[in-house]
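Below is one structure, written out as structure tokens; comments come after it.
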Amino acid sequence: MSEDKKCKEREDDGSELRIPPYLADYPFRNTSLSWKERVDDLVSRLTMEEIMYQMARGGAGIHGGPAPAVYRLGIGPYQWNTECLRGDVMAGNATAFPEAIGLAATFSPDLIFRVAEATAKEVRAKHNNDVRHGYYYDHTGLSCFSPVINIMRNPLWGRNQDSCLIGKMR
């Protein structure tokens, strides 16, 4: 594993890095505040360079990620490139589900919800394990690029997705 993809999550003695108590006082960590208040507070504390790297790094490719840690704010590195279109299959052992067009052909919002729920649990479990071991490769983040609504309106393209059903599933 290349050292630039493995980031320090533990002290030299093997113990977990702890967030210093003074960081817990930042409003962006206060879950009783609104999402907007927390985001506004966090962004106001980041430098322009930190914002640039958070937005530019973390994706796929040799120069893509992870987004670097902002240790002064207690923010660890983050790899946000995860493809979850049919499960977390790009990250190794995972449940593989049919492609989106196959799921849509079931006309079952309940089934699609259960597929998304199972995928979310696998992605979270794998992410927690990867962070614990300091792995920040492609397909190890929590930000899933997954099913998009693709309304095929031309009957010549084969089976079309029902617009009413699409409305229910979005």
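The values are calculated or read from the model by the stated rules, or taken from the named source; none is laboratory data. No experiment lies behind these values; they were computed from the predicted model shown. Heads up, the Cβs are rebuilt from the backbone with ideal geometry, glycines too, and the neighbour counts pull from every protein chain shown. Remember, those area values only see protein heavy atoms, side chains included, never the ligands or the DNA or RNA. Shrake-Rupley method; radii C 1.70, N 1.55, O 1.52, S 1.80 Å.
Filtered by the rule that a residue be of a type in the set (Phe, Trp, Tyr) and either open to solvent by 50 Å² or more (accessible area, probe 1.4 Å) or at positive phi (or both), the range 115-144 gives TYR135, TYR137. Kindly evaluate VAL123 against the criterion of being over 27 Å from ARG29 (Cβ atoms) and either in a strand (DSSP E or B) or not assigned by the TED database to the domain that holds PHE28 (or both). Here the answer is no, as VAL123 does not meet what is asked. Within the range 72-90, restricting attention to residues that are open to solvent by 10 Å² or more (accessible area, probe 1.4 Å) and not in a loop (DSSP other than H, G, I, E, B), the residue that is farthest from ALA125 (Cα to Cα) is ARG72. Of all residues in the range 110-134, those satisfying the criterion of being under 18 Å from GLY76 (Cβ atoms) and not β-branched (Val, Ile, Thr) are ARG124, ALA125, LYS126, HIS127, ASN128, ASN129, ASP130, ARG132, HIS133, GLY134.
Filtering the range 91-104 to residues that are small (Gly, Ala, Ser) and open to solvent by 40 Å² or more (accessible area, probe 1.4 Å) leaves GLY92, ALA96.
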